[in-house]
Structures are given as structure tokens and as C-alpha cells.
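These notes concern the structure reproduced below.
The values are calculated or read from the model by the stated rules, or taken from the named source; none is laboratory data. Just so we're clear, the structure is a prediction, and the values are computed from it rather than from any experiment. All Cβ positions, glycine included, derive from the backbone under ideal geometry; neighbour counts span all protein chains shown.
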Amino acid sequence: MATEREAGGKPRQPLPGLLLVVLALMVEGFDLQTANLAGPSIMTDFGITRAQLGPLLSASLFGILVGATLLAPLGDRFGRKRVVVIASAAYGLLSLTAAAAWSLEQLAILRFLIGIGLGVVMPNGLAMAGAMYEGHRHASATAFAGIGITLGGVVAGVTAAHVLPHYHWQGLFVVGGVLPLIIAAIVAVALQDVSPTSGAKATPRGTLAVILAPSIRLTTLVVWTMFVFIALCIHLLASWIPLLMKGSGLSAADAALVTSGFHAGGVLGGIVASLVLRRAGWRAVAVFAAGAALTMLTLALAPASGIAMILLIACAGFFVTGIQNGVNGTAIDLYPASSRAGGLGWALGVARIGAIMGPMVGSFAALAGLDNGQHFFLIPAAALLLVLLLAIVVERRIGGSRDRTA
């Protein structure tokens, strides 16, 4: 029987295979950000306020919750490549349909359905990347693939800056529909499936039994809590930075470029996280959390403008995305190979609670008059300090387990 991976930590596929997974996740990250970047244009078109925009921004996040928890584990059972191709094509078609929506209700429903597809692609893509390598390289490969999600945010920001002034939010949704259809075709033809080839095939219910087994249940719950607060920070910042920048006097195009700076910093942070993860593990997550919290406090207590603001926002992206890529790589190694897509899917699905809360928290901040930079950034600062404490807890639990089994 074929082993799951080759010995010696060699990739199961050549590097182009890993890069193709990164590309698929980049497209997923692009579509994840389209509604955030199109927010100012949608507000103008439908005549709504910032507070009214929050539920629309959360619609796709509810979908991701459904897709990641209930459908993503199907990749462990039927093949991760197959599931990624089908889900990518589905959310691409739905994005094209959303571009023709003529009411806010239609747009919200379509963004929910798009979110289901995004929730399926994300954990299966990360699991495919990790399955190409063995040992410590497994976590690093998973974290490296996560860079694609952040890179998609950068591409979305740059694209939005050019598309929104001429084609408005509809044009951005069209781009977000065409790209996943292209990548689905490429993955279907060019990428070999790297799902586990040995052991029992996981089911959604079986996966939950594995990741909540008594020996690891507490660690899983702590990690899920970390995912929730990290997602809250990422989506709060990604959805409200464009609005904050526009409120400070920037055009929608310039606000999109500043937002792309957040994601560009995230790409660099993801690269650094993937490099240090194989040796530092959960300690790297703690360091990135500390850096992110410090950056948020700087933004809150020492308000900046111009280049200084852009650099601080890029720095925030560096640390916050570094945390996300770090927990993706370390959390997936907590579980057996046959349950990794499902295990990470549940973590990412539970994280949607925080992701859904992110734009909503922004809406409540706006209603309370706290939607200026000085006060706004205290919210993610508090959440990131909690993530720092939880990362230390997990490191001590995992380290203690290693010591007892040494």
C-alpha cells in the first residue's frame, strides 16, 4: 500500500503543485475581500449607512461557517482536489450572478452561498499543501499555502482601485467570478490529488469525534477560541479599514490601495511565519500575537497619518496574518492525516463566529461613535492580547505532552 508521503520529507509533488494550491487560495482570498472593498460603492448604490452594511459583509462569513464545518470534511472522504474544483466553480458562478443583483437582499443571499464555497476551498487547499510534505515541513507548507489567501487580498485591493472608479462594485464581482472558474479548470487538469491514500476515510461526524477525543479536547477548544478572536481581528480590520480611510478623506480607490497595504504586509508576515514555524511552533504564534497587539495599541494611542499610517497598517497586516498562518500550520498537525481537512475545517468554521462578529463589531462601533482610528484600534488590541495568552497556554500543553512522550 502506498504511504501517505514519501520518506525524508520530500514533496509528494514538485514545487509547481504547491504553487498551484497557493494560486487557488489566492483566488479564494480575492473573493473573500470583494464585498469589503466594494463596501463604499455598495453603500452609494443602495443608499445605506455603514451600520447597515455590516450584515451584508457578514453574509459570506455565515456561509463559510456552513461550508467549512459541514462540507469541507467531504474532501477527506471523496478527495480534496475534487472538492476544491467543484466548490471553486460554484462560487465563481455565484459571484457572476451577484454582479447582476438588484436588491440588497439578493446580494446578501448570494454572498452567503458564495461563502459556502469559500469555506470548502480554504481547509481543503491548506490540507492539500500540507500533505505534500512530511515532518516539520508539513506545518510550514500549510502556512506557506495560507499566504495565497492574503495575497488574494492584495490583488483584490489593487484590482478594486482600478475597477471601482469605472465599473463600480458590479465590475469587481465579475472579476471575482471569472477568476475561480479559470483556477477550477487549471486545478482539474494540472494538479494531482494529495488526499490521504491509507487509513479510514473521514466523515464529518467521524472527524468531530477525532478532534474532540478526550486526550485532545481541551487543546482543540483553546485553539478554536484562538481562531475565533484572530478571525474577528482580521475581518474587523479588512472590512472597516476601507471605510475608515474613506472617512478620513481618501477616495474609494485610495482607500482600497491602503487596504491592499494591510494585505501586502500580511503576505510578508505569512512568508516569515512559514519559515519560523517548523522550529518555533506555537512560540512563533505567541510572538506574532504580541507584535500585532503592540501595533494596534500604537495605532490607537499615537494616531498617525500619511505614510506613517500606511506603514502601521502594513505592519498590522504582517503580524495579524502571521498569526493566522501560524495557527493554520500548527493546528492542522494536532490531528491524524485522515482527518486534517476536516479538523482544520472545523477550526476555520468555528472561526467564522469571530469573522461574523468582526463587521458587526464595526457596525456597533459606528453606532456608538467609536469609528475613528484612535478608539477603533483598541478593539482588536484587546482580542490580540487574549490570543497571546492562549498561544502560551497551548505551547505549554503541547510542550508538556512532548516531554511526557519523550
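Of the residues making up region 281-307, those that are at pLDDT below 80 and assigned to a helix (DSSP H, G or I) are G306, I307. Looking across region 367-380 at every residue that is crowded, with 21+ Cβ neighbours inside 10 Å and in a helix (DSSP H, G or I), the one that is modelled with the highest pLDDT is identified as P380. Residues of region 86-127 that are of a type in the set (V, I, T) and either over 20 Å from T142 (Cβ atoms) or modelled with pLDDT of 95 or more (or both): I86, T97, I109, I114, I116. Just one of the listed residues (A160, A184) is crowded, with 18+ Cβ neighbours inside 10 Å, under 25 Å from A255 (Cα atoms) and modelled with pLDDT of 85 or more, and it is A160. Looking only at region 47-89, filter to residues that are touching a helix residue (DSSP H, G or I) at 6+ places or on another chain (Cβ under 6 Å) and part of a loop (DSSP other than H, G, I, E, B); which one of those is surrounded by the most Cβ atoms within 10 Å (Cβ to Cβ)? Here the answer is A72. Tell me whether region 258-280 contains one or more residues that are outside any helix (DSSP H, G or I), over 30 Å from H166 (Cα atoms) and under 21 Å from the mean Cα position of the chain (by Cα). No - not one qualifying residue is present in region 258-280. Filtering region 133-156 to residues that are more than 22 Å from A264 (Cα to Cα) and either at pLDDT 80 or above or among the acidic types (D, E) (or both) leaves only E134.
Among the candidates A331, A314, the residue that is aliphatic (A, V, I, L, M) and without any contact (Cβ under 8 Å) to a residue 60 or more places away in the chain is uniquely A314. Restricting the search to region 263-297, which residues are touching a residue at least 24 places away in the same chain (Cβ under 8 Å) and among the β-branched types (V, I, T)? Correct list: V267, I271, V272, V285, T295. Entry remark, region 146-167: residues being touching a residue at least 24 places away in the same chain (Cβ under 8 Å) and more than 11 Å from the chain's Cα centre (by Cα) number 11 in total. Restricting attention to region 249-275, the residues being under 14 Å from T34 (Cα atoms) and surrounded by fewer than 21 Cβ atoms within 10 Å (Cβ to Cβ) number 2. Picking from residues in region 276-286 that are in contact with a Leu (Cβ under 9 Å, 6 or more places away or on another chain) and buried (at least 24 other Cβ atoms within 10 Å of the Cβ), the one that is nearest to I42 (Cα to Cα) is V285.
Pairs are defined by a Cβ separation below 8 Å, a sequence spacing of at least 6 or placement on different chains, a first member in region 65-90 that is closer than 18 Å to V21 by Cβ, and a second member that is of a type in the set (D, E); the pairs so defined are G79/D193; R80/D193; K81/D193; R82/D193; S88/E28. Quick check: anything in region 32-46 farther than 30 Å from A209 by Cβ and either free of Cβ contacts under 8 Å to residues at least 40 places away in the same chain or out of contact with any helix residue (DSSP H, G or I) (no Cβ under 8 Å at 6 or more places or on another chain) (or both)? Checked region 32-46: at least one residue is farther than 30 Å from A209 by Cβ and either free of Cβ contacts under 8 Å to residues at least 40 places away in the same chain or out of contact with any helix residue (DSSP H, G or I) (no Cβ under 8 Å at 6 or more places or on another chain) (or both).
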